[in-house]
Amino acid sequence: MVGAATGGQIIGSPTKWSRTWGGYGKRLGDQLGFTAVEEGVQFVVGRSLPWKDDRSPCGSGIRRAIGCGITKTFTLRTVDGRARPDLPFIAGVLAGTSASLIWRPEAARAPKARGFFATRVGIVMGGAAAKRAYAEWKASR
């Protein structure tokens, strides 16, 4: 949260929030609100589904580890081993981003709102996939 708020402060995003301590507080509050909603939704949705994280090894090789890590980011396994979408993660990111948009200045204009939504979802999901792919690659070495 602090890193994302600091990054936003450095680049001045959103531009409507000044690059002062007050603007930094808004950016930090935005990250805190996003995280609270995202984690809360993930918890609730995760508790309602019997699906579990796939802990099986990916095998060796960087390509296999990266592909497997990305796949594991967006899927869970049923008790009989079938892959299903990782609804807790996906719903959490979408709900957190939607909630964040409520108080951000981008909400005033639809094109800016859509751009913010797509960017935040892409960064969060892409970051999670990269983190998982790296972990799978590291474990395969």
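The values are calculated or read from the model by the stated rules, or taken from the named source; none is laboratory data. The shown structure was predicted, so the numbers you read here are calculated from the model rather than taken from an experiment. Note that we place each Cβ from the backbone using ideal geometry, even for glycine, and neighbour counts take in every protein chain shown. Only protein heavy atoms, including side chains, enter the accessible area calculation; ligands, DNA and RNA are left aside. Shrake-Rupley method; radii C 1.70, N 1.55, O 1.52, S 1.80 Å.
Some observations on this one:
- Segment Arg109-Arg84, extension gain: residue separation times 0.36 nm, minus the distance between their alpha carbons: 5.5 nm
- Using alpha-carbon coordinates, inclination of helix 87-103 to the longest axis of the chain, degrees: 0 degrees
- Surface share of carbon and sulfur [accessible, 1.4 angstrom probe, percent] for the chain: 65 percent
- The angle between the Cα long axis of helix 62-74 and the longest principal axis of the Cα atoms of the chain comes to about 70 degrees, rounded to the nearest 10.
- Probe 1.4 Å, protein heavy atoms only - accessible area per residue of the chain in square angstrom: 61 Å²
- Where the alpha-carbon atoms of the chain are placed on the principal axes, they occupy 50, 34, 25 Å, in descending order.
- Site pair Ser56 and Phe43 shows an inter-label distance of 3.2 nm when each label is modelled 7 Å from Cα along Cα→Cβ.
- In the chain, a dipole from Cβ-located charges (positive for Lys and Arg, negative for Asp and Glu) runs towards its positive end, and of Thr75, Gly59, Gln31 it is Gly59 whose Cα lies farthest in that direction.
- Exceeding the 28 Å Cα-Cα cut-off - candidates Lys52/Lys138; Lys52/Lys131; Lys16/Lys72: Lys16/Lys72
- Computed from Cα atoms, the angle from the helix 2-11 axis to the main principal axis of the chain rounds to 50 degrees.
- Amide N proximity, segment 110-133 versus Ser13 label position 7 Å along Cα-to-Cβ, cut-off under 11 Å: 116-124
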